[in-house]
Amino acid sequence: MGSPYLYTLRKWHLCFLAEGVAWAAMDWMEIVMSENKIALVTGGARGIGLASAKAIAKDGTKIVLVDLDAEGVAAAAAGMGGDTVGIACDMSKPAEIAAMFDKVEAELGPVSVLVNCAGIAVNSDLLETTLEDFQRVIDLNLTGTFLALQRAAKTMVANGIEGAIVNMSSVNAQLSIPTIASYCASKGGVMQLTKAASLALAPHNIRVNAVGPGSIDTAMLAGVNENPDAMARVMSRTPLQRIGKAEEIGSVVAFLASDGASYITGETIYVDGGRMGMNYTC
Ligand SMILES: NC(=O)c1ccc[n+]([C@@H]2O[C@H](COP(=O)([O-])OP(=O)(O)OC[C@H]3O[C@@H](n4cnc5c(N)ncnc54)[C@H](O)[C@@H]3O)[C@@H](O)[C@H]2O)c1
């Protein structure tokens, strides 16, 4: 990952130096590359998006946080310090997404890591679900993810950047809950979008993966945290017997975005306390 120039330089160091020195040289080059890397994280004002951004920033990558919540994203960027940038954008609006990428690319340069984390869930009885509610979830979780992925990938290809894209799916890509049909459909769509995009972008050495969280302690889970019955139901399907932390998703996102995952593409990694393996009730 990184610019072609730096990558060539890294190979040169490896070829011409003795083994011990070569590793030292490579480490140094990776630090230089990180300083030149930009990661854009949507849904970055809080929760899993912010935790992912913090995990990615550990190697010196510059972070651009994007969120609908203008005040929240500004506060999150200030909280991360350094040169983190916060941008307000509705990731369900195609024109806003395009304008946001135009601004980032003009002012900061092309991104080499994209994390699509902005997402919502709307609870409703299937028979009562309105087209507006269904569409609202699809527009953000699936169409917004597609538009950001496509735009970032086009810029990566144009600039010869061997980048990484991480989409936020869910265990609900495969496991369903009757009252969130739109959410399940959107996350199943994200899983397939991830696979198709990974095939389309493999010739450009751009990797596309997804993370599928189980139940994670963020604002999205507020209804469960406040309801002992709902919590008991969640625990009955969580082998590790606890709710996950946003940081436990962020670390996996950062891994997938890093060169440590350089041979992984098209995968959804489920970070769910063991839920996907369950096929029984106690
Ligand atoms: N928390 C969980 O248990 C869980 C489980 C599986 C998947 N996920 C996924 O993780 C992602 C992050 O969710 P979270 O748990 O951190 O919830 P969260 O509600 O804390 O964070 C979501 C963020 O997305 C932002 N957002 C909402 N609508 C937006 C829009 N139109 N444009 C831009 N930003 C918008 C919100 O302002 C918020 O900052 C979502 O895609 C969610 O579906 C969460």
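If we scan segment 128-140, do we find a residue that is in contact with a helix residue (DSSP H, G or I) (Cβ under 7 Å, 6 or more places away or on another chain) and within 20 Å of ASP69 (Cβ to Cβ)?
Yes - at least one qualifying residue is present in segment 128-140.
Show the residue pairs meeting these rules: Cβ distance below 7 Å; 6+ apart or different chains; first residue within segment 28-45 and modelled with pLDDT under 50; second residue in a helix (DSSP H, G or I).
As it stands, the answer is MET29/LEU6; MET29/LEU9; MET29/ARG10; MET29/HIS13; VAL32/LEU6; MET33/LEU6, since those pairs meet every condition given.
State whether the residues of segment 62-69 include one that is farther than 23 Å from LEU256 by Cα and modelled with pLDDT of 95 or more.
Yes: segment 62-69 contains one or more residues that are farther than 23 Å from LEU256 by Cα and modelled with pLDDT of 95 or more.
From the list ILE161, ILE249, ILE216, pick out the single residue that is buried (at least 16 other Cβ atoms within 10 Å of the Cβ), more than 10 Å from the ligand (Cβ to nearest atom) and closer than 30 Å to PHE101 by Cβ.
Every option except ILE161 fails the conditions.
So which residues in segment 45-64 are of a type outside the set (D, E, K, R) and within 16 Å of the ligand (Cβ to nearest atom), if there are any at all?
ALA45, GLY47, ILE48, GLY49, LEU50, ALA51, SER52, ALA53, ALA55, ILE56, ILE63, VAL64
Residue by residue, here is whether (1) within 20 Å of ILE161 (Cβ to Cβ); (2) surrounded by fewer than 21 Cβ atoms within 10 Å (Cβ to Cβ) holds:
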{"residue": "VAL64", "(1), (2)": "yes, no"}
{"residue": "ASP69", "(1), (2)": "no, yes"}
{"residue": "GLY82", "(1), (2)": "no, yes"}
{"residue": "ALA98", "(1), (2)": "yes, yes"}
{"residue": "LYS103", "(1), (2)": "yes, yes"}
{"residue": "ALA106", "(1), (2)": "yes, yes"}
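Scan TYR280, TYR263 and give me the residue that is part of a loop (DSSP other than H, G, I, E, B), of a type outside the set (Asp, Glu), away from the ligand (no atom under 16 Å from the Cβ) and modelled with pLDDT of 95 or more.
Checking each option against the conditions leaves just TYR263.
Evaluate the following for GLU247: is it of a type in the set (Asp, Glu) and farther than 30 Å from GLU105 by Cα?
Criteria not met by GLU247.
Looking at ASN123 and the list (1) surrounded by fewer than 17 Cβ atoms within 10 Å (Cβ to Cβ); (2) not aliphatic (A, V, I, L, M); (3) not in a loop (DSSP other than H, G, I, E, B), which single condition is not satisfied?
(3)
Can you tell which of MET91, MET100 is assigned to a loop (DSSP other than H, G, I, E, B) and within 10 Å of the ligand (Cβ to nearest atom)?
Exactly one residue qualifies, and that residue is MET91.
Condition test on SER176, is it of a type in the set (Ser, Thr, Tyr) and assigned to a helix (DSSP H, G or I)?
no
With the requirement that a residue be closer than 17 Å to ARG275 by Cα and surrounded by fewer than 13 Cβ atoms within 10 Å (Cβ to Cβ), what does segment 222-232 give you?
Selection gives ALA232 alone.
Could you count how many residues in segment 75-87 are part of a helix (DSSP H, G or I) and more than 12 Å from the ligand (Cβ to nearest atom)?
4
Kindly indicate whether GLY144 is in contact (Cβ under 8 Å) with a residue 24 or more places away in the chain, within 14 Å of the ligand (Cβ to nearest atom) and within 15 Å of LEU193 (Cα to Cα).
Criteria met by GLY144.
State whether one or more residues within segment 46-54 are in a loop (DSSP other than H, G, I, E, B) and without any contact (Cβ under 8 Å) to a residue 60 or more places away in the chain.
no
The values are calculated or read from the model by the stated rules, or taken from the named source; none is laboratory data. All of these numbers come straight from a predicted model, not from anything done at the bench. Methodologically, a virtual Cβ is constructed for each residue, glycine included, from the backbone with ideal geometry; neighbour enumeration extends over all protein chains shown.
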